[in-house]
């Protein structure tokens with residue numbers, strides 16, 4: 001007699017997934033791809049917020065000195081870039097590099113600055129030129145949002161042959177909080193040194 005093989009039951013077999021449909025509990029590839037996008041957007045928002053915060057909370061340096069002179073006499077020394085190497089301990093060299101070589105709004109400068117930690121060269125853009133009153137420029141490190149420095153000189157008449165000369169700078173940008181100690185410890189003393197040297201230069205020129 002022929003033996004028959006019993007047919008296997010398929011009642012308890014797991015159904016095969018339909019083509020194109022992920023198995024239960026499996027993450028969709030599209031969902032997995034969303035995480036890097038959300039992470040990048042979150043990082044961008046955080047960096048933008050941090051940059052805005054550093055711009056509304058800048059580091060400011062200010063140094064003033066009073067001297068017996070007229071505003072025009074002080075201006076003549078301040079605007080004579082060619083003579084900086086003779087007396088200026090902070091800005092060793094300064095020159096107008098834009099076409100025409102005139103000190104005017106929009107002109108480009110090349111300034112060599114001296115610090116205890118070394119020398120640096122910046123190429124700022126002139127923002128204001130008011131003879132006998134104000135000279136102002138802005139320098140940028142990198143694309144601009146890393147660190148900006150707006151440098152300003154003002155000459156204020158006090159009467160009776162006295163003037164107040166003020167040198168200041170407003171630093172802003174993402175790197176500014178990390179440079180605060182160096183700016184206050186190295187750059188501010190150089191402001192004061194330049195002010196004292198300018199006072200002596202004006203006195204000797206008079």
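Since every read-out is calculated from the coordinates, none of them should be taken as a lab result. All values reported here derive from a predicted model rather than from experimental measurement.
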Relative contact order [Cα under 8 Å, 6+ residues apart], the range 60-205, whole percent: 30
Share of alpha-carbon pairs per 10 Å distance bin for the range 60-205, given as whole %: 11, 43, 36, 10, 1
